[in-house]
Amino acid sequence: MEKQKPIIQLKGLGKQFKTANGTVTALDDINLEINSGEIFGIIGLSGAGKSTLVRCINYLELPTSGTVVFEDVSLAGKSEAVIRKARQSMGMIFQQFNLLAQRNVLQNVCFPMELIGTPKKEARKRAEELLAMVGLEDRMKAYPAQLSGGQKQRVAIARALATNPKVLLCDEATSALDPNTTKQILGLLKQINQELGVTVIVITHEMAVIEAICDRVAIIDQSHIAEVGSVSEIFSNPKTPIGRQLILGDAAKQVRLGTDRQLRIIFDGRESSEPVISNLVLACKVPVNIMHAETRDVGGKAMGQMMIQIPADETEANRVINYLKTTKITFEEVK
């Protein structure tokens, strides 16, 4: 398979802020490649540097060191005109929507086209097409105050696409939304990626968001990139403490309830109708306790993870482990 070409490369990217208490390093030596056409996730805890990173990618924040290379052109030291042109190719959506309250939905989507001098008739036609794409063709004359959170984010997505960007930057775009609306918005982002070929960069603190739509993910921790890989690789085998923390979440604390051994079973695409635990219990004839589960059906495939407790008896435990290996079920023992 032909290797995808990077659309964005971050080379030695650093960002420092001067404060009353001295210099704060928000980003330190960030090196990343984001390929054209992929959905790339950047995940980290609050304060890890995620939002600063996304603002450095489109030069809303000027990096202190290193550079962003966009479509083979380094933005370091470039004129404001060159940076503005690159920024027009990067649409951005935010947690708080940032819509103009005094403009209706159609006018909000037209706004970025006004800024670059798109003829009024052409801008209106483009805005109508985009609002149809995000499912809001019947709300064009509504004002932001009349919309739900999910509808506001759909308007924001349409507005971000107005200038035909090649990249869509999503900074905690679903954090203010309920789970059902989050699912719809993530589905819309995936649709945009597939139908328009737009590269999507998702900044989040929620592993479920990454798992739902991303191809690859970078984990950022204390201003550094801790690990990068495909979502299935990172999910199946996180190599760093922060990776384990983000993936296991509270489950790691919840399972410490007894002296028996614990396993984390990873569901990464088996048929969702397969009764994995029932089959295990019947085959091994040992009691298995489900301590924690986060699984879901994605197109008939089981995705997620489950923490189980197996007997402390070595013979019985080995029977379970051998069964999991034989049936090629991905798992790890939780120490």
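No lab work stands behind these numbers, since they all come straight from the coordinates. Keep in mind it's a predicted model, so treat the numbers as computed, not measured. Note: ideal-geometry Cβ built from the backbone for every residue, glycine included; neighbour counts use all protein chains shown.
Assuming 0.36 nm per residue, please report the length gained on full extension of the stretch Phe17 to Leu60 beyond their Cα-Cα distance.
Numbers: separation 43, 0.36 × 43 = 15.48 nm, distance 1.40 nm.
Difference between extended and current length: 14.1 nm.
Would you please classify the overall shape of region 99-150 from the alpha carbon gyration tensor, given that a ≥ b ≥ c denote the square roots of the eigenvalues, rounded means a/c under 1.5, and beyond that prolate means a/b larger than b/c while oblate covers the rest?
Oblate, since a/c reaches 1.5 and b/c is not below a/b.
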Local net charge near Cys214, Cβ-Cβ under 10 Å (Lys/Arg +1, Asp/Glu -1): -1
Potential lengthening between Ala132 and Ser79 on full extension [0.36 nm per residue; Cα-Cα distance subtracted]: 15.4 nm
Rounded FRET efficiency, nearest 0.05, which uses the C-beta distance separating Glu233 from Val281 and R0 of 25 Å: 0.30
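Report the gain in length on full extension from Ala312 to Ser46: 0.36 nm times residue separation, minus Cα-Cα distance, nm rounded to one decimal.
Numbers: separation 266, 0.36 × 266 = 95.76 nm, distance 3.77 nm.
92.0 nm is the gain from fully extending Ala312 to Ser46.
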Backbone HN-Hα couplings from phi across region 262-270 [Karplus 6.51/-1.76/1.60, Hz, Gly and Pro as x]: 10, 10, 9, 8, 10, 9, 10, x, 6
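Of the DSSP beta bridges with both residues in the chain, give the percent that are antiparallel, rounding to the nearest 5.
Numbers: 47 of 66 bridges.
Antiparallel bridges make up about 70 percent of those DSSP assigns within the chain.
Summing +1 for each Lys or Arg and -1 for each Asp or Glu, what net charge is found among the other residues whose Cβ lies under 13 Å from the Cβ of Glu122?
Details: positive: Lys120, Lys121, Arg124, Lys125, Arg126; negative: Glu114, Glu128, Glu129.
Once all neighbours under 13 Å are counted, the net charge is +2.
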Links that overshoot a 23 Å alpha carbon limit, given the list Lys5/Lys301; Lys15/Lys183; Lys190/Lys328; Lys5/Lys166; Lys18/Lys239: Lys5/Lys301; Lys15/Lys183; Lys190/Lys328; Lys18/Lys239
Gyration tensor verdict on region 1-112 (Cα atoms; rounded if a/c is under 1.5, prolate if a/b is larger than b/c, oblate otherwise): oblate
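Estimate the FRET efficiency between Lys5 and Asp29 by the formula 1/(1 + (r/R0)^6), using the beta-carbon distance for r and 25 Å for R0, to the nearest 0.05.
Values: r = 24 Å, r/R0 = 0.95.
Efficiency, rounded to the nearest 0.05: 0.60.
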Ranked by how many other beta carbons lie within 10 Å on average, peptides 12-18, 272-278, 131-137 from highest: 131-137, 12-18, 272-278
Inter-label distance for Ser273 and Ala293, nm, one decimal - labels placed 7 Å from Cα along Cα-to-Cβ: 1.8 nm
Nonlocal amide H pairs with Arg270, under 5 Å, H built at 1.01 Å: Ala302
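Give me the net charge of Phe111's neighbourhood, meaning all other residues with Cβ under 9 Å from the Cβ of Phe111; Lys, Arg count +1, Asp, Glu -1. It would help to have the intermediate numbers written out before the result.
Working: positive: Arg103, Arg159; negative: Glu114.
Summing Lys/Arg as +1 and Asp/Glu as -1 gives +1.
Taking 56 Å as R0, compute the FRET efficiency from the Cβ-Cβ separation of Tyr143 and Lys335 and round it to 0.05. Don't skip to the answer; put the middle values down first.
Numbers: r = 55 Å, r/R0 = 0.98.
Here the calculated transfer efficiency is 0.55.
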In sequence order, calculated HN-Hα J values of region 164-179 (Karplus, 6.51, -1.76, 1.60; Hz; x Gly/Pro): 6, x, 8, 10, 10, 9, 10, 9, 6, 5, 10, 5, 8, 10, 6, x
